[in-house]
Amino acid sequence: MNASEKELNKNPWRRTDERPPIEGKDLALAIAALLLCALFLGGCIPSDWTWLVTAVLFACVVIAVRSTGSVLLLLSVALLASLLTLSMEGGAFVLSIMVGCGSMTWLLTVSKHHRYTAFAVLVAAYGVCWLVSSDPLYSALVFAFAPAAVLMAIATVRDVGRTSTVLYTVGGFLVSIVAFLCILLFKQYGAVSFDLLVRFVEELRVALVEALRGTGYLLWDLFVKSAEEAKVTVEQMEAVRNAYETAFNEANLQVLVNSVVGLAPAWIFIPTVTLAYGAHLFLLRRYYNTAWRSMMTPASCTVTVSTTASVLFFICFVIVMFIPRDSLFLMAVRNLFLILVPGLCLVGVQTIAFQVRRARGWFGVVWILLLTAMLCCAGFSSLYLLALWGAYAVVSVAIRKKIMQKMKDMDDHNL
């Protein structure tokens with residue numbers, strides 16, 4: 001190891017002795033975006049102004065990213081969050097996390113002095129939110145993306161690769177989630193312990209069952225009103241009643257809730273890895289558009305999935321598809337299966353995009369039509385098909401490399 005590598009390991013924040021200049025407009029955009037995201041997460045901005053925050057963050061993404069594909073991807077994640085939460089606050093929250101994390105990481109990596117600027121902005125935002133809400137614990141949400149940004153910055157300057165950088169960022173989000181759970185338990189019970197966490201999960205199970213039961217009552221009332229207007233026969237009403245009682249009985253509701261709670265690791269990992277990937281994409285585009293392209297090494301721009309993970313996905317897919325019985329082992333397999341889906345889906349999309357670029361004539365159009373048909377016909381199940389395609393691509397490339405290496409070794413031996 002030479003002297004420069006030793007110095008880099010001592011001080012990983014300094015990658016090169018010569019750094020490009022930081023333009024004032026880029027610095028102002030990063031600080032303004034970071035401040036806005038922190039203030040919104042800390043509850044300083046009224047909910048009536050959510051549409052304005054969303055519009056400003058949308059403009060920030062367009063100005064900072066300047067790439068149609070990347071902008072559409074980030075905004076699609078925000079739109080999906082809004083649809084799932086049935087509110088604009090969900091989309092604004094997701095945009096705030098991705099833009100805030102990416103902007104803070106950019107400040108942490110482009111200059112040693114601006115590391116302190118980033119933390120000063122968050123501290124100032126925390127003070128403002130505390131004054132407005134008078135709740136020091138809720139105001140701490142301004143630091144929601146800070147651990148993820150710090151770990152992403154460390155992974156970036158060490159150039160550990162894009163996949164590892166995203167996983168570093170996921171680790172930061174998990175730190176924030178654990179801190180949020182501790183705050184929630186403290187506000188709910190006045191203390192923090194594992195027993196209180198178990199109690200909280202049990203109360204959550206009961207609340208979910210009650211919510212599903214209430215939804216069932218609401219659906220039944222709506223059906224009865226519609227049936228009276230449509231003059232449904234007694235036999236039809238009885239058949240629907242039997243189906244309703246079967247679907248919403250206590251045992252089935254308990255099984256459904258237990259399945260949802262049992263898949264909690266997957267429900268936590270999938271959103272966090274999506275947010276981490278979006279934040280890292282925002283960061284890469286910021287580097288590209290602010291004369292910091294030297295930070296964009298080949299490893300930092302390439303998503304890779306190991307052959308072991310791909311083989312595990314195939315095994316989990318077979319188990320999930322053909323063994324429907326519930327057990328602790330199968331719940332763990334389902335969690336692993338869902339956790340591997342996002343990364344392999346991305347590899348599958350990249351493989352199809354490569355095939356489209358490589359194809360000649362109408363073959364490229366055929367690939368696009370097949371992908372569109374799969375998305376339209378299969379819905380969310382198309383994600384599993386994309387993940388299978390990605391796993392197949394990874395395994396086939398590994399087998400091809402192994403064969404080529406064996407052929408090369410045989411040729412060397414014969415010589």
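The values are calculated or read from the model by the stated rules, or taken from the named source; none is laboratory data. Every value quoted in this text rests on a predicted model; they were computed, and no experiment measured them. When we count neighbours, we look across all protein chains shown, and the Cβ atoms used for this are built from the backbone with ideal geometry, even at glycine. Heads up: the accessible areas ignore ligands, DNA and RNA and are worked out on the full protein's heavy atoms, side chains in. Shrake-Rupley method; radii C 1.70, N 1.55, O 1.52, S 1.80 Å.
A few comments on the model shown:
- Cα convex hull volume per residue for the chain (Å³): 241
- The chain: most fluctuating residue of PHE93, PHE329, PHE269 per GNM, C-alpha cutoff 10 Å: PHE329
- The heavy atoms of ILE339 offer some 50 square angstrom of accessible surface to a 1.4 angstrom probe.
- Quarter of the Cα convex hull surface for segment 126-223, i.e. its orientation-mean projected area (nm²): 10.5
- About the centre of its Cα atoms, segment 221-288 shows a dipole size close to 720 debye [charges on the beta carbon of Lys, Arg (+1) and Asp, Glu (-1) only; nearest 20 debye].
- With every protein chain in place, the chain: carbon and sulfur % of accessible area (1.4 Å): 69
- For segment 191-295, projected area of the alpha-carbon convex hull averaged over all directions, nm²: 12.8
- Per residue, the solvent-accessible area of the chain (1.4 Å probe, heavy atoms of protein chains only, all protein chains present) comes to 58 Å².
- Pairwise label distance in nanometres, SER67 with VAL201, each label 7 Å out on the Cα-Cβ vector: 3.9
- Set of segment 200-242 residues, backbone N closer than 17 Å to the point 7 Å along the Cα-Cβ line of VAL261: 200-214
- Helix-derived mean residue ellipticity, 222 nm - over the chain, DSSP H n ≥ 4, -39500 (n - 2.57), to 500: -28000 deg cm²/dmol
- For segment 228-283, the share of alpha carbon pairs falling in successive 5 Å distance bins from zero is 4, 15, 11, 11, 10, 9, 9, 8, 9, 7, 4, 2, 0 percent.
- Kyte-Doolittle at least -0.5, axis length at least 30 Å by Cα - qualifying DSSP helices, the chain: 88-110, 112-133, 162-189, 194-230, 264-289, 328-358, 381-414
- Computed E for ILE399/TYR116 - FRET, C-beta separation, R0 35 angstrom, nearest 0.05: 0.10
- With the convex hull of the Cα atoms taken as the outline of segment 36-158, the averaged projected area works out to 7.9 nm².
- Modelled FRET efficiency - R0 60 Å, ALA59 with SER381, Cβ distances, 0.05 increments: 0.95
- Highest to lowest packing among 235-242, 117-124, scored as the average C-beta count within 10 Å: 117-124, 235-242
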